[in-house]
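The values are calculated or read from the model by the stated rules, or taken from the named source; none is laboratory data. None of the values given here were measured: they were computed from a predicted structure. Positions of Cβ are generated from backbone atoms using ideal geometry, with glycine treated the same way; all protein chains shown enter the neighbour counts. Accessible surface areas use protein heavy atoms only, side chains included; no ligands, DNA or RNA. Shrake-Rupley method; radii C 1.70, N 1.55, O 1.52, S 1.80 Å.
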There are 2 protein chains.
Amino acid sequence: MSKIKVGIVGYGNLGRGAEQAITQNDDMELVAVFTRRDPSSVVIATESAQVCHLDDVLQFKNDIDVILLCGGSATDLPEQVPALAKHFTTVDSFDTHALIPKFFDEVDVAAQAGGNVSIISVGWDPGLFSLNRLLGETVLPQGETYTFWGEGLSQGHSDAVRRIEGVKRGVQYTLPIEEAVNRVRSGENPQLTTREKHARVCYIVADEGADQKVIEETIVTMPNYFADYDTTVHFIDEATFEKEHTGMPHGGFVIRSGESAQGDKQIVEFSLKLGSNPGFTSSVLVAYARAAHRLTQKGATGAHTVFDIPFGLLSPNDPAELRKRLL
Amino acid sequence: MSKIKVGIVGYGNLGRGAEQAITQNDDMELVAVFTRRDPSSVVIATESAQVCHLDDVLQFKNDIDVILLCGGSATDLPEQVPALAKHFTTVDSFDTHALIPKFFDEVDVAAQAGGNVSIISVGWDPGLFSLNRLLGETVLPQGETYTFWGEGLSQGHSDAVRRIEGVKRGVQYTLPIEEAVNRVRSGENPQLTTREKHARVCYIVADEGADQKVIEETIVTMPNYFADYDTTVHFIDEATFEKEHTGMPHGGFVIRSGESAQGDKQIVEFSLKLGSNPGFTSSVLVAYARAAHRLTQKGATGAHTVFDIPFGLLSPNDPAELRKRLL
């Protein structure tokens with residue numbers, strides 16, 4: 001059987017993760033990485049694949065089955081996905097929750113026009129966590145759903161602290177508050193404020209001579225990002241930072257705590273403990289690339305989300321084998 | 001919008017649970033319960049629904065959208081599901097893992113012949129646990145999958161102890177062994193024997209004058225059921241049994257412990273803590289009844305499993321609303 005031919009747009013943490021994830025899936029091969037940089041300046045790990053400029057992507061229309069879009073949600077994906085969905089089957093990890101409906105509609109128009117399939121907002125949140133929020137409220141219509149994130153590095157919050165004057169290097173970790181998690185797991189169904197659910201911890205390397213008090217105050221009072229949370233700021237030296245804070249762990253849990261109709265407590269929990277956030281997210285993208293390709297082969301078109309994809313389409317294995325071995 | 005009209009075959013714990021679960025879903029209504037007993041001897045909770053003999057089920061061909069089969073996997077379902085799938089959209093909870101492929105094929109033939117949809121082996125294991133076994137190995141192709149059950153009451157093992165001479169009443173609980181669970185959650189990927197994963201605990205009310213030593217020995221050495229496990233047997237009085245051991249709690253976890261391609265540990269866990277096993281299983285059946293009905297409306301036919309059903313079909317809500325609210 002011929003392999004599924006994959007292209008990757010964007011070669012940051014996620015793109016590199018996707019390249020590696022493809023190596024764990026024997027039914028897939030990487031054809032090319034597309035970049036907006038000078039292709040000769042980008043060295044990839046896959047010897048058999050090319051590095052090309054994004055402007056040349058349409059030349060691969062007949063040589064690529066699925067394109068994984070691995071750029072950022074702020075500016076890259078809103079532009080790239082509708083543009084590429086006209087010509088390719090695509091999978092992306094667009095994660096600006098509030099803008100998903102608009103993004104879906106734009107991608108849908110493009111994918112329908114091109115007769116292609118696009119699966120949007122794939123990953124773990126949005127993605128696997130979304131699936132579990134949906135499952136939870138559907139099988140337990142009476143109850144509450146809770147999403148906790150962490151312990152993990154938040155990219156957006158880390159970027160925010162790094163923009164503060166006097167911050168040389170900085171990371172921010174989101175921590176679920178254990179007391180809140182335990183109350184939820186006990187079936188209590190508490191009403192929790194933002195501050196009661198998560199805490200934030202920053203590790204900062206300050207510029208020489210910078211006023212640490214000012215930096216700390218600027219962080220903990222920052223609206224939207226920190227003001228609604230209990231935030232702890234630690235100042236450390238650069239060697240410690242390099243040693244302990246350059247990984248990208250993350251995770252969290254979705255808990256549905258409900259009651260079935262005869263009054264019995266029922267608790268459903270899905271949790272992730274991730275050594276590498278981009279490593280896992282890209283593995284999920286690659287599994288959904290397989291599903292996207294199969295949907296295209298079946299003649300489907302338009303934008304899809306994880307809610308529309310049966311898990312059987314994610315697996316390289318035959319349905320009869322899956323039923324026998326895993327059901 | 002007209003409600004989805006549901007029939008229930010079998011009125012034991014699962015059938016009663018399904019009847020109650022329907023009351024939590026405004027888009028569904030129970031039309032009739034079908035029984036092999038004398039219908040006049042069966043009193044159901046839903047005033048607007050009928051109780052009918054199973055022999056009369058075909059009279060409801062135009063009045064029922066989906067039939068939930070709530071009988072046992074040993075003899076009821078292998079006979080009833082293929083027979084009814086010729087005439088109705090069906091959902092069942094057939095759970096004899098080893099016989100699922102044969103059951104699927106038989107139901108598929110019947111459902112195809114009748115132009116109906118059947119979703120087989122729905123519940124939590126097989127069912128939601130199966131989905132998580134599939135998801136885990138697909139997003140983390142390199143790793144190990146572990147399923148633990150309990151703490152919970154095992155119906156089959158409880159039946160087995162009750163068949164022993166001198167046992168008046170008895171229940172058996174399956175317990176996951178915490179040390180094993182912790183080793184798996186730590187990412188160690190241990191090889192675990194049957195005895196290392198689960199323990200079994202029995203609570204027995206003995207007949208007056210029965211030899212408790214003989215009962216205990218008969219239990220702990222019983223092949224297939226107990227011989228491969230560490231089993232503890234407690235003898236209690238009937239009042240204690242009535243007070244503490246008449247519920248049907250269950251649960252468990254599916255853990256995928258893997259490594260993404262850059263060597264990072266990634267752990268995915270799905271867990272259930274169920275106050276009532278039939279209460280939860282029937283809630284899952286009802287959600288899949290909605291999906292089965294929709295598939296029928298779309299013109300699908302044949303046997304399906306949870307692997308074939310996108311989660312979006314389980315929800316009563318509009319896809320655009322789900323994307324906005326849950327993705």
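Which of the three applies to the stretch A:24-65, rounded, prolate or oblate, going by the alpha-carbon gyration tensor with a ≥ b ≥ c and a/c under 1.5 meaning rounded? Judged from the Cα gyration tensor, the stretch A:24-65 comes out oblate (a/c at least 1.5, b/c at or above a/b). Accessible area per residue for the stretch B:199-255 is 54 Å², calculated with a 1.4 Å probe on protein heavy atoms, without ligands, DNA or RNA. For the stretch B:1-31, a decrease in accessible area of 30 Å² or greater in the assembled protein chains relative to the isolated chain, with a 1.4 Å probe, applies to B:Q20, B:Q24.
Tell me the total accessible area that A and B bury against each other, 1.4 angstrom probe, in square angstrom rounded to 100.
Numbers: alone 16520 and 16520 Å², together 27350 Å².
That pair hides around 5700 Å² of surface in total.
For the protein assembly as shown, a simple Cβ point-charge model (Lys and Arg +1, Asp and Glu -1, everything else neutral) yields a dipole of about 1020 debye relative to the Cα centre.
The overall shape of the stretch A:1-151, judged from the alpha-carbon gyration tensor, is prolate: a/c is not under 1.5, and a/b is greater than b/c. Heavy-atom accessible surface of the stretch A:129-176, averaged per residue, reaches 35 Å², computed with a 1.4 Å probe.
Derived scalar couplings between HN and Hα for the stretch A:141-149 equal x, 9, x, 10, 10, 10, 10, 10, 10 Hz in order, rounded to whole Hz, by the Karplus curve 6.51 cos²θ - 1.76 cosθ + 1.60 (θ = phi - 60°), x for Gly and Pro. One Cα centroid belongs to the stretch A:254-327, the other to the stretch A:142-197; the line between them spans 24 Å.
Of all the options A:Q262, A:Q155, A:Q24, the one that moves most in a Gaussian network model of chain A with Cα springs shorter than 10 angstrom is A:Q262. Comparing A:V284, A:V107, A:V43 in a Gaussian network model of chain A (Cα springs below 10 Å), the most mobile by mean-square fluctuation is A:V43. Applying a length cut-off of 18 Å (Cα extent along the axis) and a mean Kyte-Doolittle floor of -0.5 to the DSSP H helices of chain A leaves A:100-114, A:277-297. Each copy carries a label point for B:T194 at 7 Å from Cα along the beta-carbon vector; from one copy to the others these points are 5.4 nm apart, nearest first. A cut-off of 5 Å between modelled amide H atoms, ignoring neighbours fewer than 5 places along the same chain, links B:G251 with B:G150, B:L274. Taking packing as the residue-averaged number of other Cβ atoms within 10 angstrom, the listed peptides A:93-102, B:245-254, A:110-119, B:273-282 run from highest to lowest as B:273-282, A:110-119, B:245-254, A:93-102.
Report in % the part of the accessible area of the protein assembly as shown that belongs to carbon and sulfur, leaving out ligands and nucleic acids; probe 1.4 Å.
Numbers: 12760 of 27350 Å².
Looking at the protein assembly as shown in its full context, I get 47 percent from C and S.
Among the residues of the stretch A:247-272, those with an accessible-area drop of 10 Å² or more from chain alone to full protein complex, heavy atoms and 1.4 Å probe, are A:S260, A:A261, A:Q262, A:D264, A:K265, A:Q266, A:I267, A:V268, A:E269, A:F270, A:S271, A:L272. Taking trypsin sites (Lys or Arg not before Pro) across the stretch B:123-199, the ones in a DSSP loop with at most 13 further Cβ atoms lying within 10 angstrom of their Cβ are B:R163.
With an a/c value of 1.5 or above and a/b larger than b/c for the gyration tensor axes a ≥ b ≥ c computed over the alpha-carbon atoms, the stretch B:130-259 is described as prolate. Close amide H contacts of A:V167 (hydrogens built in the peptide plane, cut-off under 5 Å, sequence separation of 5 or more or a different chain): A:D207. Result for chain B in a Gaussian network model with C-alpha springs under 10 Å: among B:F235, B:F148, B:F129, the largest mean-square fluctuation is at B:F235. Taking amide H atoms as placed 1.01 Å from N in the peptide plane, the amide H of A:V233 lies under 5 Å from those of A:C202, each 5 or more residues away in sequence or on another chain.
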